[in-house]
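Trainee: Pasting a structure here, questions to come.
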Amino acid sequence: MSDYIIPAGFGEIETVEKRSRFIGRVWNVSTEADALEKLRETRERHWDASHNVYAYSIHASGAARFSDDGEPSGTSGLPVLEVFRKSGVEDFCCVVTRYFGGILLGTGGLTRAYSKAASLALEAAGRARMTRLLTVNLICSYPQYDRLRVELPRYEAQVDRSAFAADVELDLSMTPEQYSRFLPRITELTAGTALCEVSGEILRPVRIQTAD
């Protein structure tokens, strides 16, 4: 289970190049069906546009598709896809809608305009890393829980499920590095009487922070 980068959310921007409007949109998608549905929605919304250029890439299947949608071959769909490839981003669908403004941009101008719209849309969406997390089962007494719960944020432990019966049972998720620090702390605080063990692992998105 390896890490990879995805759009953190939805991103949308609009730019103008020599009177042509370019509307770039980016979504996080996990299947080709999801990507094609976003394309369908965009085409339906912008039925009167000159072009709805798109590109998408799906991590699980390795599928990567693009279309120039009537623009000169190689000037739009592939440059949009390359923006994401160079950024290492997968599980995305990007559609750049163009309303022609009456002035020809030339092949180089088209490539720059579509690449710019895709890049700005990705910037607006942000990026997240699909990170391998351990799932951890923790069982402790109520007095122990009162001490342990303040420790969870210090180890960036996410509480996925909690149950309060004879004992307190928590399902947590955290990075392997945090778990290696968390386990000795739990052992110390409970004198080894709390049960804390790894039950599996998952991939979850963790937003990549950018410098202001």
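The values are calculated or read from the model by the stated rules, or taken from the named source; none is laboratory data. All values derive from a computational prediction rather than experimental measurement. Please note: Cβ atoms are built from the backbone with ideal geometry, for glycine as well, and neighbour counts cover all protein chains shown.
Trainee: With respect to residue 95, is the statement that it is crowded, with 16+ Cβ neighbours inside 10 Å and either under 30 Å from residue 135 (Cα atoms) or without any contact (Cβ under 8 Å) to a residue 12 or more places away in the chain (or both) true?
Mentor: No; evaluated as a whole, the condition is false for this residue.
Trainee: Considering the stretch 159-180 alone, what residues qualify as being surrounded by 13 or more Cβ atoms within 10 Å (Cβ to Cβ), under 25 Å from residue 203 (Cα atoms) and without any contact (Cβ under 8 Å) to a residue 40 or more places away in the chain?
Mentor: Residues satisfying the conditions are 160, 162, 169, 170, 171, 172, 178.
Trainee: May I pose another question? Is it the case that some residue within the stretch 107-114 is hydrophobic (A, V, I, L, M, F, W, C) and assigned by TED's automatic domain parsing to the domain that holds residue 45?
Mentor: Checking the stretch 107-114: at least one residue is hydrophobic (A, V, I, L, M, F, W, C) and assigned by TED's automatic domain parsing to the domain that holds residue 45.
Trainee: Considering only the stretch 74-173, give the helices (runs of 4 or more DSSP H) lying wholly within it that have at least 3 residues that are over 30 Å from residue 57 (Cα atoms).
Mentor: Values: elements: 77-87, 106-125, 142-148.
So the answer is 142-148.
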